[in-house]
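Down below is the structure, laid out as structure tokens.
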Amino acid sequence: MKPWIVGNWKMNTDSASGAALASAIAAGAAAVSTRAQLGIAPPLPYLSLIRSALGSAPVDLGAQNCHEAKSGAFTGEASAGMLRDIGATFVILGHSERRQLFHEGEARLRSKVLAAVGAGLKVIFCVGETLAERDENRHEELVRYQTHIGLSGLNASTLSSMTIAYEPVWAIGTGRTATPQQAGEMHAVIRSQLSKSFGPNVAQQTRILYGGSVKADNAAELLKTPGIDGALVGGASLDAGSFLAIAAAAP
Ligand code: PGA
């Protein structure tokens, strides 16, 4: 499996700059496609626009969140089916900003995972500890728990829709990355939890991305670490050159 390099644009760009960014990524995608699979998750209002800007370029299109219900009186929300309908193929769920700022807990996230998989979307499910949790030496236990609960309604056959992203909260947007050793250790913890819950085959076949201040200059070292199967990139994905350079750094 090629590493998956996914850009999480968060709440950035406008229609003109978003389309320009997507076009620039599309233009460079073929050159890196032997090394990595690319994906981008632009802000919701621009998904259709960005889909057109990508054209037939080999870049997956995804959303940053979805609601767990199919439809109904949920002002301001979008369902997984709606995302699929406008051409998204994946959704990021459980990002620490959603967990912290929008108080999304494990039970809610589990419902969202089931809804997204049910609608035919791939899911990038984010897990990761805060600095306080690491200092208290609770990081392994916490990430095991998040992985276990988030995926608990799935069976081994639907697990092929799942990608996990290990994103230590202290490394997101801070310029401070986990060392390859720290990331590698946590990826092994996640994989061992997957093995415990779903068996060794699923554990081996599930991609685990690293996220948290991934940049062109640290990507090579992270991506060559055993067990790191790609990257979820925030800040550096807002510049086509840096984003493509991260993909080009894949071993
Ligand atoms: P960052 O964000 O690359 O800006 O640290 C990563 C993320 O939030 O997914």
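The helices (runs of 4 or more DSSP H) falling completely within the stretch 192-251 that include 3 or more residues that are under 18 Å from LYS122 (Cβ atoms) map to 200-205.
The single residue among ARG110, ARG35 that is basic (Lys, Arg) and over 23 Å from GLU129 (Cα atoms) turns out to be ARG35. Going by what's in this entry, would VAL91 be described as of a type in the set (Val, Ile, Thr), within 16 Å of the ligand (Cβ to nearest atom), crowded, with 22+ Cβ neighbours inside 10 Å and under 19 Å from THR174 (Cβ atoms)? Considered against the rule, which asks whether it is of a type in the set (Val, Ile, Thr), within 16 Å of the ligand (Cβ to nearest atom), crowded, with 22+ Cβ neighbours inside 10 Å and under 19 Å from THR174 (Cβ atoms), VAL91 comes out as no. Against the test of being crowded, with 23+ Cβ neighbours inside 10 Å, modelled with pLDDT of 95 or more and in a helix (DSSP H, G or I), the options ALA183, ALA188 yield a single qualifying residue, ALA183.
Consider the stretch 186-220. How many of its residues are charged (D, E, K, R) and more than 30 Å from ALA20 (Cβ to Cβ)?
Count: 2.
Filter the stretch 146-155 for residues that are touching a strand residue (DSSP E or B) at 6+ places or on another chain (Cβ under 8 Å) and in a loop (DSSP other than H, G, I, E, B) and give the result. LEU151, LEU154, listed by residue number. Restricting attention to the stretch 122-172, the residues that are within 16 Å of the ligand (Cβ to nearest atom), surrounded by fewer than 19 Cβ atoms within 10 Å (Cβ to Cβ) and not hydrophobic (A, V, I, L, M, F, W, C) add up to 1.
Only one entry of ALA78, ALA24 meets the criterion of being away from the ligand (no atom under 16 Å from the Cβ) and without any contact (Cβ under 8 Å) to a residue 60 or more places away in the chain, and that entry is ALA78. Filtering the stretch 109-132 to residues that are in a helix (DSSP H, G or I), touching a residue at least 24 places away in the same chain (Cβ under 8 Å) and within 22 Å of MET186 (Cα to Cα) leaves LEU109, ARG110, VAL113, LEU131.
Scanning the stretch 203-222 for residues that are farther than 22 Å from GLN193 by Cβ and hydrophobic (A, V, I, L, M, F, W, C) gives VAL214, ALA216, ALA219, ALA220. Somewhere in the stretch 156-179, is a residue outside any loop (DSSP other than H, G, I, E, B), within 18 Å of GLY234 (Cα to Cα), among the hydroxyl-bearing types (Ser, Thr, Tyr) and modelled with pLDDT of 95 or more? Yes, the stretch 156-179 has at least one match.
A single member of ALA240, ALA203, ALA183 is free of Cβ contacts under 8 Å to residues at least 60 places away in the same chain and more than 14 Å from the ligand (Cβ to nearest atom), and it is ALA203.
If a residue has to be out of contact with any Gly (no Cβ under 7 Å at 6 or more places or on another chain) and crowded, with 18+ Cβ neighbours inside 10 Å to count, how many in the stretch 105-118 make the cut?
Residues meeting the conditions: 4.
When you look at THR75, is it of a type in the set (S, T, N, Q), surrounded by fewer than 22 Cβ atoms within 10 Å (Cβ to Cβ) and in contact with a strand residue (DSSP E or B) (Cβ under 7 Å, 6 or more places away or on another chain), yes or no? Write out each step before concluding.
Working: of a type in the set (S, T, N, Q): yes; surrounded by fewer than 22 Cβ atoms within 10 Å (Cβ to Cβ): yes; in contact with a strand residue (DSSP E or B) (Cβ under 7 Å, 6 or more places away or on another chain): no.
In short, no.
Got a sec? Which of ASP85, ASP60 is among the acidic types (Asp, Glu), surrounded by fewer than 18 Cβ atoms within 10 Å (Cβ to Cβ), over 23 Å from GLY128 (Cα atoms) and touching a Phe, Trp or Tyr at 6+ places or on another chain (Cβ under 8 Å)?
It is ASP60.
The values are calculated or read from the model by the stated rules, or taken from the named source; none is laboratory data. Please read these numbers as outputs of a predicted model, since none were measured by experiment. Backbone-built Cβ (ideal geometry, glycine too); neighbour counts: all protein chains shown.
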